Amino acid sequence: MGQHPSPEADPTATVDFQEVQQRPEFKELRHRHRSFVFPMAIAFLLWYFLYVLLADYAHDFMSIKLVGNINVGLVLGLLQFVSTVAITMWYVSYANKKLDPIAAGIRHDLESAEQPPAGGTK
Amino acid sequence: MLPLTTVTQETTQVGEPWLNMTIFGLFVAITMVIVLRASRNNKTAADYYAAGRSFTGSQNGTAIAGDYLSAASFLGIVGAIAINGYDGFLYSIGFLVAWLVALLLVAELLRNTGKFTMADVLSFRLKQRPVRIAAATTTLAVCFFYLLAQMAGAGALVSLLLGIDDRLGQSIVITVVGALMILYVLVGGMKGTTWVQIIKACLLIAGAFVMTVWVLALYGFNLSALLGDAAATAGNPEILNPGLQYGVSETSKFDFISLALALVLGTAALPHVLMRFYTVPTAKEARRSVVWAIWLIGAFYLFTLVLGYGAGALIGPDAINAAPGGVNSAAPLLAFHLGGPLLLGVISAVAFATILAVVAGLTITAAASFAHDIYANVVRKGKVDADGEVKVARRTVVVIGVLSILGGIGAQGQNVAFLVALAFAVAASANLPTIIYSLFWKKFSTRGAVWSMYGGLAAAVVLIAFSPVVSGAETSMIPGADFAWFPLKNPGIVSIPLAFFLGWLGTVLDKTVEDPAKQAEMEVRSLTGVGAEKAVEH
């Protein structure tokens, strides 16, 4: 990929990535990552488009006043903020606990096991 | 109504322009010193393009907010809420929710696999040449549309904030803004650009926060009372309900779905946003950047909700529409109403700083893409040293800067507000499908990538060219002509699914099998960060 040799030689240039790809700990990492981010992405997109469709086509419903001048539309809109922040925090805590340790383990394995080769390109 | 009109004239004509300019000059002076200090370490390509990958997640997150919150989202959304009420707020939610795509699917994986540009990631395991050229083309297209919109906006802002209405005066100010931007990017590279964005984001968010608390205090911190007064001043209770802007016809309703799709899928594929993820040392810091950006951008859009209804209540839609600058004058008029000339001066300076920071970010992205993807990897086939590449990048900065000044001058008085939405639509159609496919779909092939990128780009641009924003309506760019056959103003609902489909079709029709070793390498690198580019040690 790169054509500028990095200042330090890349210690992972000789790694057999297909072998790593088949390792159980890598498969577990990929499984954990995908089984979190895919359903979560689908869920927030559905929830966002539900909101868009309601705001677009259900004007009467969105205009129902709940407290004073605060209506359903405003509350649902603010809930989009709440859900965005909640998903963010959830993902961060999931990644810190379930993804980072495995990723760091594999990284450590590969970067310490291989001797730096002469060339620096990947 | 009478006192309000006097206020309007005062704010936009005499007295304050010199104060606005002085405060903006102060901003330029302070940021210039910081840029000069920060640029002393600009030696390698990684320094110039990626700030030596030395920013922390919180710094980068703030810079992302500074890059993302353009004048359109500050002045535009406050004005849209003041005049169209709820529908303006609806617009801002798409801009925020979109960050989840970046957080969950793109930021960390991209940081782990790429070096400087989006094309690094897309061409990682596919054929370098065709994929790089395609990715650079879409990058340059998005940057060009976005840049033109910002520079044209600068002209409008000048007449609004500095009281300069004649064409020559506006052209001079656009030239000054463009020249300053070139200077920042040439001298400061990514490091300087990042600091300009950080300072601007802090000023913008702090300014919006102060005004928000001020407005809320006037209503005893009772949101319901503020909303009630906004409806009373507008003389229209519908301002609190959805539908004023997007609900006028079945076409406009459908148009909003198309816009929402482009906003939510386009953000995570904007090349200038993607490039920011290379300025941090690790994927974990990239994740932290998005978290910071989400908090800051979310808070900012909550402020704009209060400011928009505050402007609606305290100034009123009629007075805002009558002021020079129309919708965009809502925030400045509110600032004047609250804090007089001084607050107006601060907010005006922040608005200029906003344009400066956003165009700087776009320019360095476009220059990096040209120098790194087209020149170094395609023209010279990788046989060029980093110094040669950075030299080309710097020259490209000057060329892009001059082009954007000319474009900004040429676009004066033109209705080019659609360009921002077009930039999002192009990003969502031409970039996002290929990003997602190449990160997550093993079989994805070169042909799929090329079809999806060119197909998405062409579909978005062609549909816009034959839509009512270009011809066939009173508000069109060319009001006299009518060659529109596409009914929507936003092409996303057609071009995005089409680009995903083309990516799939190109792949299944492609008989060549991409290198499985490269696929394995990309997958392992993207998830673990093995061998990812490290921060530069000085």
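The values are calculated or read from the model by the stated rules, or taken from the named source; none is laboratory data. These figures come from a predicted structure and were not determined experimentally. When we count neighbours, we look across all protein chains shown, and the Cβ atoms used for this are built from the backbone with ideal geometry, even at glycine.
Test A:L50 against the stated conditions and say whether it is at the interface with chain B (Cβ under 9 Å from one of its Cβ atoms), free of Cβ contacts under 8 Å to residues at least 24 places away in the same chain and more than 21 Å from B:D229 (Cα to Cα).
no
Whether any residue in the stretch B:144-160 is within 14 Å of chain A (Cβ to nearest Cβ), buried (at least 24 other Cβ atoms within 10 Å of the Cβ) and of a type outside the set (V, I, T) is what I want to check.
No; the residues of the stretch B:144-160 include none that is within 14 Å of chain A (Cβ to nearest Cβ), buried (at least 24 other Cβ atoms within 10 Å of the Cβ) and of a type outside the set (V, I, T).
Could you tell me whether A:D60 is at pLDDT below 95, in a helix (DSSP H, G or I) and in contact with a helix residue (DSSP H, G or I) (Cβ under 6 Å, 6 or more places away or on another chain)?
no
Which one of these is over 24 Å from the mean Cα position of the chain (by Cα) and under 18 Å from B:G79 (Cα atoms): B:A217, B:A231, B:A208?
Answer to the check: B:A231.
Can you name the condition, by its number, that B:L333 falls short on among (1) hydrophobic (A, V, I, L, M, F, W, C); (2) in contact with a helix residue (DSSP H, G or I) (Cβ under 6 Å, 6 or more places away or on another chain); (3) crowded, with 20+ Cβ neighbours inside 10 Å?
Of everything listed in (1) hydrophobic (A, V, I, L, M, F, W, C); (2) in contact with a helix residue (DSSP H, G or I) (Cβ under 6 Å, 6 or more places away or on another chain); (3) crowded, with 20+ Cβ neighbours inside 10 Å, B:L333 misses just condition (2).
Taking B:T6, is it over 30 Å from A:I70 (Cα atoms), of a type in the set (S, T, N, Q), at pLDDT below 85 and part of a helix (DSSP H, G or I)?
So B:T6 passes the test.
Identify the single condition in (1) closer than 30 Å to B:E523 by Cα; (2) within 9 Å of chain B (Cβ to nearest Cβ) that A:Y94 does not satisfy, given that it satisfies every other one.
Evaluating A:Y94 over (1) closer than 30 Å to B:E523 by Cα; (2) within 9 Å of chain B (Cβ to nearest Cβ) leaves (2) as the failure.
Test B:P341 against the stated conditions and say whether it is closer than 20 Å to B:A417 by Cβ and surrounded by fewer than 23 Cβ atoms within 10 Å (Cβ to Cβ).
no
What pairs can you find where one residue is in the stretch A:54-76 and within 7 Å of chain B (Cβ to nearest Cβ), the other is assigned to a strand (DSSP E or B), and their Cβ atoms are less than 7 Å apart, with a gap of 6+ or different chains?
So the pair list comes out as A:M62/A:N71; A:S63/A:N71; A:N71/A:K65.
Identify all residues within the stretch B:92-105 that are among the β-branched types (V, I, T) and modelled with pLDDT under 95; write none if there are none.
B:I93
Would you pick out the residues in the stretch B:275-308 that are buried (at least 24 other Cβ atoms within 10 Å of the Cβ) and β-branched (V, I, T)?
Within the stretch B:275-308, B:T279, B:V280, B:V290, B:I294, B:I297, B:T304 qualify.
Check the stretch B:246-256 and report whether any residue there is within 12 Å of another protein chain (Cβ to nearest Cβ), small (G, A, S) and within 30 Å of B:L362 (Cβ to Cβ).
Yes, the conditions are met somewhere in the stretch B:246-256.
Which count do you get for residues in the stretch B:93-115 that are among the small types (G, A, S) and either within 7 Å of another protein chain (Cβ to nearest Cβ) or farther than 18 Å from A:T88 by Cα (or both)?
1
Taking B:F89 and the conditions (1) modelled with pLDDT of 90 or more; (2) aromatic (F, W, Y); (3) under 15 Å from the mean Cα position of the chain (by Cα), which numbered condition does it fall short on, given that it satisfies the others?
Among (1) modelled with pLDDT of 90 or more; (2) aromatic (F, W, Y); (3) under 15 Å from the mean Cα position of the chain (by Cα), the lone unmet condition for B:F89 is (3).
Can you pull out the residues in the stretch B:381-436 that are outside any helix (DSSP H, G or I) and either aliphatic (A, V, I, L, M) or farther than 29 Å from B:Y48 by Cβ (or both)?
Within the stretch B:381-436, B:V384, B:A411, B:Q412, B:G413, B:Q414, B:N415, B:V416, B:A417 qualify.
Which residue out of B:F466, B:F486, B:F501 is aromatic (F, W, Y) and either farther than 26 Å from B:E250 by Cα or modelled with pLDDT under 90 (or both)?
On inspection, the qualifying residue turns out to be B:F501.
Among the residues of the stretch A:1-51 satisfying the criterion of being at pLDDT below 95 and among the aliphatic types (A, V, I, L, M), which is nearest to B:I493 (Cα to Cα)?
A:M1
Just the residues that are in contact (Cβ under 8 Å) with a residue 12 or more places away in the chain and either in a helix (DSSP H, G or I) or not small (G, A, S) (or both), please, taken from the stretch B:237-256.
Correct list: B:E238, B:I239, B:L240, B:N241, B:P242, B:L244, B:Q245, B:Y246, B:T251, B:F254, B:D255, B:F256.
Checking the condition out of contact with any Phe, Trp or Tyr (no Cβ under 8 Å at 6 or more places or on another chain) and either touching a residue at least 12 places away in the same chain (Cβ under 8 Å) or within 14 Å of chain A (Cβ to nearest Cβ) (or both), which residue from B:A386, B:A430, B:A423 passes?
Answer to the check: B:A386.
Considering only the stretch B:491-524, how many residues are within 32 Å of the chain's Cα centre (by Cα) and basic (K, R)?
Summing the residues that are within 32 Å of the chain's Cα centre (by Cα) and basic (K, R) in the stretch B:491-524 gives 0.
When the stretch B:402-434 is examined, which residues are found to be farther than 24 Å from B:G79 by Cα and surrounded by 24 or more Cβ atoms within 10 Å (Cβ to Cβ)?
B:S404, B:V426, B:A427, B:A428, B:S429, B:A430, B:N431, B:L432, B:P433, B:T434
Scanning the stretch B:16-48 for residues that are more than 20 Å from B:K200 (Cβ to Cβ) and either among the hydrophobic types (A, V, I, L, M, F, W, C) or not in a helix (DSSP H, G or I) (or both), which turns out modelled with the lowest pLDDT?
The qualifying residue modelled with the lowest pLDDT is B:E16.
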